[in-house]
Each structure stands twice: as structure tokens, then as C-alpha cells.
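Peer 1: One structure, pasted below without further comment.
The values are calculated or read from the model by the stated rules, or taken from the named source; none is laboratory data. Remember, predicted model here, so these are calculated numbers, not experimental data. Here the Cβ is made from the backbone with ideal geometry for all residues, glycine too, and neighbour counts use every protein chain on show.
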Amino acid sequence: MKYRKIREGKVEIFIPDINKYQAPVFYNPDAEFLRDISVAVLSIFKEKIKEKINVLDALSASGISGIRYKKEVGNLNLTLNDKNKDAVSLIRKNIKHNNINAEICNEDANLLMRKRLFDFIDIDPFGSPCVYMDSVAHSIKFNRLLAVTATDTGALSGSFPNACLRKYGIRATKKQYYKETGVRVLITFIMNSLARYNKSFKPILYLSHKHYYRIYGIVQGSMHLTRQLKKYKYVDGIGTIYLGEIKDNDFIKKIIDKIREFNFTQSKKEIDLLNKILEEIDEPFYYDLNKMHIIKVPKVDDIIFKLIKRGYKASRTSLCGSGIKTNAKLKIKNGLLIVEK
Ligand SMILES: C[S@@+](CC[C@H](N)C(=O)[O-])C[C@H]1O[C@@H](n2cnc3c(N)ncnc32)[C@H](O)[C@@H]1O
């Protein structure tokens, strides 16, 4: 295999020198944005735990995520796993090149997670994480950190209701707030998977970046399960889904500070996105002004200003540039946007 060297964060790794879709080992430069944020999230979590943690990068490919955790967060036991033999050879090369210690496994991630327990598991699959979540739920310890990526955004957000039902147990259909449907279906699925093992899930942060959804959260004990399940509600055209909080603002403020400290190449863009998420009100779903058949679409900020002036809660959403989150009920009358009394 021919390689080329790339730099990301504080590491330098080899990746296959070939188009990413034909490469024997996967590396996506677009995901640097998410990997930076993951480094910051793990770093904060680790400061809180104060003991050496066992980290599993379950689907490692080149090893980039795990190697960055070890180099940039530090002082952790790292396990890198991939079932692809070419990936494992490349991981070995990259570990050596970065002069770090790590355990390298060449197993089906599910088998590995059935045998071992971890303090942080990173699941970053091709497509859906659904086939891994049962093993994750077994393997992740209580009060520990979980990060899950999904790239099957069409299924999650309701474009393909049967695929959503098959993978996630929810037959979501496409709504104007489809991106948040995707985030909430994924969180509900993570929660349901953990709940089977008497574990609850406290979401910290959700990201929608290009064709990725990524969810971060803390796995907690069963004492929070009743409260969590009470936040499941029936939504027309989706089904029963978790409608509670999907972010933790105190944690997000710390992530922003951490990203400033790390000073990544894309720090500014990452902080801008996190600030948008921070400002979002905790109200499920959003209205997309561009999809409401308004004759003359008003400015998002003007509507938010007017709603707040009238005593409602309202904010933008990171998920849609023309979206508004509010506790007011908006509807269209004669082509005009009005608040339903
Ligand atoms: C999207 S890539 C991971 C990308 C990587 N996390 C990164 O940040 O660049 C998914 C990887 O999962 C591996 N994989 C797929 N199914 C697997 C399984 N059942 N067990 C272990 N690895 C698997 C593939 O070989 C591939 O390298």
C-alpha cells in the first residue's frame, strides 16, 4: 500500500495515498472537526474522573481518533480495534510513528465489547451504529462517557421510514424539523439500548455536521431511568420518542474553553457551532420558515425578537439556518405567520 503523511491536531499519521472511497483503510479529513470536539469532550471528562481510564476506539480504521486521544488528552489506557487486517497494520505503523503505547485488536467490535468493560467507548461506523449498541450497553461502565456517530441520516431523519423502523424501532416520517428528528431518534435508540442493561443516558452534546450525527453523553445508573422514560412522548408521524434535554449547557461551556486552549486549526468554526447550540432553548423541534409556505418569509431574528417581546421563549437552532425553536404555536393564516392562541 502507498501511504502519505497528514497532520491532524498534535499527531501525524499515515493514510492510504488513494481516493478515500477506494482506499483499503478509511480516513475522512472532513471528520477532523468532530475529532477535535471529541478530544475536548474526553479531556473534560477525564479531568472529572481523575483516574486512569480505559478508552476503546472500537472502529479505528487508521487509528486517528484513538491516537489523538492518547497524544492530546494523555494518561489513558488505549485500545484500538478494527476487524480489517489492513487497518490493523496501518494502526501499528501510526502508533509507532507517534511513539505511543496502545493495545491493538483485530476483532469484531461486538465480540471485544462482550468480553471487556470500558470507561469511554467511541463508536464511529460506516452508516448506522445500530448493530453495535447492544454490546456497547454491556461494555460501558456506569458514570462513564459514550460517543456515537451515525451517517445514515436519511433513515434517522425520516426520509426512509421503513429503514428507520428496521434499524431503530421507530417509523419516523420526514417533517420540516427532520434534522432534529434524526438526532432524537438516535438518542432514543441509545437510551433504549442502555435501558435494557438498567443504564440511563444523559446527553451532553449533539452535533449534525455534513452527513454525520454525533451524540455524546454520560451513561448513568438505573435511578434516573424512570425520569428519563417519563420524557418519552408520542409525536404524530414519528411515534414514541425522547423529548427531554439533549444537551448540557455547563458541559458545553467547558468544551468551548477547552477548544480555545487546544487551539485547533478549526477552533473558530467549532466554537461558533457550539455557541449556537448553547443558545438554543430546550424546546423539542423547530419551525423552518422556508418550509411553511409563507408569502414573504420574514427574517429569523425578527421573529425571535417579536416572540420574546410577547413573552414566549424563542431561539435559533444549529440544525437549520431558517429554523426557530419556540414554545409558541406558530401557524400560517392567509400566507402570514401567526401565533396560535
Ligand atoms: C468509518 S470507519 C472509522 C473511522 C475512524 N473512527 C476515524 O476517525 O477515521 C469504520 C471502521 O469500522 C471497521 N469495521 C466495520 N465493521 C466492524 C466490526 N464489526 N468490528 C470492527 N471493526 C469494524 C471498518 O473496517 C472501518 O475501518
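Peer 1: If a residue must be touching a Cys at 6+ places or on another chain (Cβ under 9 Å) and either outside the structural domain of S60 (by TED's automatic domain parsing) or more than 11 Å from the ligand (Cβ to nearest atom) (or both), how many such residues does the range 79-98 contain?
Peer 2: 1
Peer 1: Now, a different point. Of the conditions (1) among the hydrophobic types (A, V, I, L, M, F, W, C); (2) assigned to a helix (DSSP H, G or I); (3) within 13 Å of the ligand (Cβ to nearest atom), A155 clears all except one; give me its number.
Peer 2: Every condition holds for A155 apart from (3).
Peer 1: Residues of the range 240-259 being touching a Lys or Arg at 6+ places or on another chain (Cβ under 6 Å) and either at positive phi or in a loop (DSSP other than H, G, I, E, B) (or both), which ones?
Peer 2: Answer for the range 240-259, where residues must be touching a Lys or Arg at 6+ places or on another chain (Cβ under 6 Å) and either at positive phi or in a loop (DSSP other than H, G, I, E, B) (or both): L243, G244.
Peer 1: Report every pair of residues separated by at least 6 positions or lying on different chains whose Cβ atoms are under 7 Å apart, first residue within the range 238-264 and free of Cβ contacts under 8 Å to residues at least 60 places away in the same chain, second in a loop (DSSP other than H, G, I, E, B).
Peer 2: From the range 238-264, the pairs are Y242/K231; L243/K231; L243/P284; G244/K231; E245/D282.
Peer 1: Just to be sure, is V148 within 20 Å of the chain's Cα centre (by Cα), in the same structural domain as G63 (by TED's automatic domain parsing), within 16 Å of the ligand (Cβ to nearest atom) and assigned to a loop (DSSP other than H, G, I, E, B)? Even if it seems obvious, please write down each step before you answer.
Peer 2: On the way: within 20 Å of the chain's Cα centre (by Cα): yes; in the same structural domain as G63 (by TED's automatic domain parsing): yes; within 16 Å of the ligand (Cβ to nearest atom): yes; assigned to a loop (DSSP other than H, G, I, E, B): no.
So V148 does not fit the description; no.
Peer 1: Residue check: is K71 more than 24 Å from the chain's Cα centre (by Cα) and more than 9 Å from the ligand (Cβ to nearest atom)? I'd like the intermediate steps shown before the answer.
Peer 2: Values: more than 24 Å from the chain's Cα centre (by Cα): no; more than 9 Å from the ligand (Cβ to nearest atom): yes.
No: the conditions fail for K71.
Peer 1: Sticking with this structure for a sec: Being free of Cβ contacts under 8 Å to residues at least 12 places away in the same chain and within 30 Å of I49 (Cα to Cα) narrows it down to one residue among K115, K141; which is it? Can you show your working first?
Peer 2: Details: K141 fails: free of Cβ contacts under 8 Å to residues at least 12 places away in the same chain.
When all the criteria are applied, what remains is K115.
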